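The structure under discussion appears below in the form of structure tokens.
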Amino acid sequence: MPGRRQGRGRAKRPSRSQRHERARAAGTREAVRRAERSIEITLPRRRFEPDSVVAHLGPTNSGKTYHALEALKERGRGVYAGPLRMLAQEAHRRLSADLGEEAVGLVTGEERVNETAPIICCTVEMAPSAGDVLVLDEVQWADDPERGSAWTRLLLAGEFRDILLLGALDAEPLVLEAFPEAEIKIFERMLPLEFVGERSFRGLTPGTVVVAFSRKAVLALAGELNRLHPGRISVLYGAMPLSSRREEIDRFLGGRSDVTVATDVLGHGVNLPCETLLFAETTKFDGESRRDLLPWELAQIAGRAGRFGLVERGHVGTLTGIGWANADPGLVESALQPHVELPSGHLGYRIVDEARIRPRLGDLGVDDPRRLDAALAAWHRVATREWAYESWLAVESLAPIRGRLAAIQRRLAERSRRLDLEDTWKLINAPVDEDNAELLATLALAVAGDGAQRSLLTFLLDPARLRDCTLEEAEQAGRTASILRWFALQYPGVGGVTIERASALEEAAAERVVARLRLEVDDPTIGRCRSCGKPCAPWFPLCDRCFGRR
């Protein structure tokens, strides 16, 4: 009726799926509250204090690692622990060359070489908990949100007679939190850095490294530079298998290439001294947004400039002449000098005074893997409250480990399979990123006795499948091989996965990556307009002119 007031109507009843989701969320919250009652926060502790703790702190190319390895050689027994497999391999090669292969072992998640040797080079997660001497590299990684706990456990509980800590000067507050009586030795760069301003991409000299911050940007730059230096360009980025990276590094250091184009992998363990380092970009996508690089990030990469004994100083600048590459010279120049005052009065780039920690299985108070997720959430809540104030300890992110757990439990439920608590814990702590969680779930099914996974794993292990693969497919095969190497060492032969077959796949993937890289650099598709073939920004398929026409 006209003028009749409209009623507000009845509220819409939630759908069955909405009601189910609300009930599930309420059940999860209650499970976490129950799990909190079983959580008791205990920190790992050593039974005896070390005789000495010495910290070598300083920038890249200051000689701190060299002196630490020399000390390890003199003692003849001990452990070198670094953040990356490539760093452990490099330390192993250097020590083996001086002491002989029988005196030095290599232990990482993916390989075991002479693991009973008196000196062991390893990744931090694989470091033994006791020994004669511990050389703990990149100590500032203790503050890493996802891996820091591996360093923290050695700082808190490593039972070594002598401990030698290596890292950036920024980590001085952290070192003194862990060891108030530590002896601090400050190292200076052996060669000064000189800012050389803007350099055109047409005038690059041999011994130059150009840095960009994505795989596509690196490949696009390599294609452009190859037109000026045919066959004399090396490429480095994180998705490359280690063997491929080593081959490209050896080409550059051996003079078989004039210019290397690399991502910020240079700042994470790749030792590539050069005469000149030029930034093509000073922004990066960090997983959430595109942002300017922080001063410490720029400084860590810029520190690779300079070859001690060959040149008097390292040259750092920005690249010009590439339309889409817009590095900020002022940002780079300001980052060459530290500007943050540390509590001791020294100057650094940031203050690192926290260390991350996450639970051990025994800390969670569970005996059923189905309650593991709730226990992890409960531990995180309790630990956050415990260390919220006046503590140098912080809680490590548990999102990655819970994500792997969710992927494994989902696939187990789909196939009506179960794993015991210890196997579940081992698998969710595997060195696997979220992009490879499904592969990890497949391996969990193999451990649970699901024979149907064997055919898939057989296919993945077959190097013949790489015969006609693309560059991206070869890169993924390299990541798959690394995971399968880890699995073969934990569960030899399960699902048909052996270290020999995984190693063969890794080798084939590395060879294929190098071959496809040469093709991409010689005849680039990335950074080229798909319509007219002219150079364009690597993240767009068309140049501005062709896009405007369309």
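The values are calculated or read from the model by the stated rules, or taken from the named source; none is laboratory data. Model, not experiment: these values are computed from the prediction. Note that each Cβ is placed from the backbone with ideal geometry, even for glycine, and that neighbours are counted across all protein chains shown. Surface areas here come from the heavy atoms of the whole protein model, side chains and all, with no ligands, DNA or RNA. Shrake-Rupley method; radii C 1.70, N 1.55, O 1.52, S 1.80 Å.
Each Cα pair under 8 Å and six or more residues apart adds its separation to the average, and for the range 165-296 the resulting relative contact order is 28 percent.
Round to the nearest 0.05 the FRET efficiency obtained for Asp250 and Asp367 when R0 = 51 Å and r is the Cβ-Cβ distance.
Working: r = 51 Å, r/R0 = 1.00.
Approximately 0.50, to the nearest 0.05.
By a 1.4 Å probe calculation restricted to protein chains, Phe459 has an accessible surface near 120 Å², given to the nearest 10.
Spacing of the modelled spin labels on Ser243 and Glu115, each 7 Å from Cα toward Cβ, amounts to 2.2 nm.
Which of the peptides 288-295, 139-146, 401-408, 538-545 is most tightly packed, and how do the rest follow, judged by the mean count of other Cβ atoms within 10 Å per residue?
Working: 288-295: 13.2, 139-146: 21.8, 401-408: 20.0, 538-545: 15.5.
Top to bottom by mean Cβ count within 10 Å: 139-146, 401-408, 538-545, 288-295.
Adding -39500 (n - 2.57) for every DSSP H run of four residues or longer, then dividing by how many residues the chain holds, sets the calculated 222 nm ellipticity at -12500 deg cm²/dmol.
Here the range 292-382 is assigned +1 on the Cβ of each Lys and Arg and -1 on the Cβ of each Asp and Glu. Its dipole about the Cα centre then comes out at about 280 debye.
Percentage of Cα-Cα pair distances in the chain greater than 39 Å, rounded to whole percent? Numbers along the way, then the final one.
Working: 52263 of 150975 pairs.
Beyond 39 Å sits 35 percent of the P(r) for the chain.
Between Ser15 and Tyr491, the modelled label-to-label distance comes to 3.6 nm, taking each label 7 Å out from Cα in the direction of the beta carbon. Note that the range 136-142 has calculated 3J(HN,Hα) couplings of 9, 8, 6, 4, 5, 5, 4 Hz, one per residue in order, obtained from phi through the Karplus relation 6.51 cos²θ - 1.76 cosθ + 1.60 (θ = phi - 60°); glycine and proline are x. Rounded to 0.05, the FRET efficiency of the Leu519 and Glu390 pair, given R0 = 56 Å and the Cβ-Cβ distance, is 0.45.
Pulled fully out, how much extra length does the chain show between Arg75 and Asp544, if you take 0.36 nm times their separation in residues and subtract their Cα-Cα distance?
Here the segment from Arg75 to Asp544 would lengthen by 162.6 nm.
For the range 252-337, dividing the convex hull volume of the Cα atoms by the residue count gives 114 Å³ per residue.
Taking a point 7 angstrom from the Cα of Leu228 along the C-beta vector, which residues in the range 195-210 have backbone N less than 14 Å away? The answer is 198-210, whose backbone nitrogens lie closer than 14 Å to the label point.
State whether the range 323-425 is rounded, prolate or oblate according to the following rule on the C-alpha gyration tensor (a ≥ b ≥ c being the square roots of its eigenvalues): a/c under 1.5 gives rounded; otherwise a/b larger than b/c gives prolate, and the remaining case gives oblate. All intermediate terms of the calculation are to be shown ahead of the outcome.
On the way: a/c = 4.58, a/b = 1.81, b/c = 2.52.
Oblate, because a/c is 1.5 or more while a/b does not exceed b/c.
Classify the range 193-248 from the C-alpha gyration tensor, please: rounded if a/c falls under 1.5, else prolate or oblate depending on whether a/b exceeds b/c.
Values: a/c = 1.73, a/b = 1.47, b/c = 1.18.
Prolate is the answer for the range 193-248, as a/c is 1.5 or above and a/b outweighs b/c.
Computed from label points 7 Å out along Cα-Cβ, the spacing between Asp292 and Ala504 is 5.3 nm.
Whole angstrom only: what separates the Cα centroid of the range 365-392 from the Cα centroid of the range 190-237? Here the two parts' Cα centres lie 47 Å apart.
Applying 0.36 nm per residue to the separation of Glu146 and Arg467 and subtracting their alpha-carbon distance, the gain on full extension is 112.0 nm.
Please compute the per residue accessible area over the range 352-413 with all protein chains in place, 1.4 Å probe, rounded to a whole number of Å². List each step's numbers first, then the result.
Details: 2860 Å² over 62 residues.
With all protein chains present, the range 352-413 gives 46 Å² per residue.
Annotation: amide H-H contacts under 5 Å for Val135 (H modelled 1.01 Å from N, sequence separation of 5 or more, or interchain): Val79, Tyr80, Ala81, Leu164. The alpha carbon centroids of the range 76-127 and the range 443-479 are separated by 29 Å.
Among the protein heavy atoms of the range 500-547, carbon and sulfur supply 53% of the accessible surface, probe 1.4 Å, non-protein parts ignored.
Give the total of Lys-Lys pairs in the chain with Cα-Cα distances below 30 Å; include a pair only if its members are 8 or more places apart or on different chains. Walk me through the intermediate numbers first.
Values: Lys64/Lys73; Lys64/Lys185; Lys64/Lys284; Lys73/Lys185; Lys216/Lys284; Lys216/Lys534; Lys284/Lys534.
Value for the chain: 7.
Within the chain, antiparallel bridges make up roughly 15 percent of the DSSP beta bridges whose residues both belong there.
How much net charge surrounds Ala127 when only the other residues with a Cβ under 11 Å from the Cβ of Ala127 are counted, with Lys and Arg +1 and Asp and Glu -1?
Working: positive: Arg153; negative: Glu125, Asp137.
Surrounding charge for Ala127 is -1.
Shown here: the range 386-507, whose C-alpha atoms stretch 57, 35, 23 Å along the first, second and third principal axes, sorted largest to smallest. Using C-alpha pairs under 8 Å with a sequence gap of at least 6, the mean separation divided by the residue count of the chain gives a relative contact order of 15 percent. Using θ = phi - 60° in the Karplus curve 6.51 cos²θ - 1.76 cosθ + 1.60, the 3J(HN,Hα) couplings for the range 391-405 round to 9, 8, 9, 9, 7, 6, 4, 9, 4, x, 5, 6, x, 5, 4 Hz; x is entered for Gly and Pro. The slack between His67 and Glu198, meaning 0.36 nm per residue of separation minus the straight C-alpha distance, is 43.6 nm.
Computed over the range 164-234, the quotient of the alpha carbon radius of gyration and 2.2 N^0.38 Å is 1.78.
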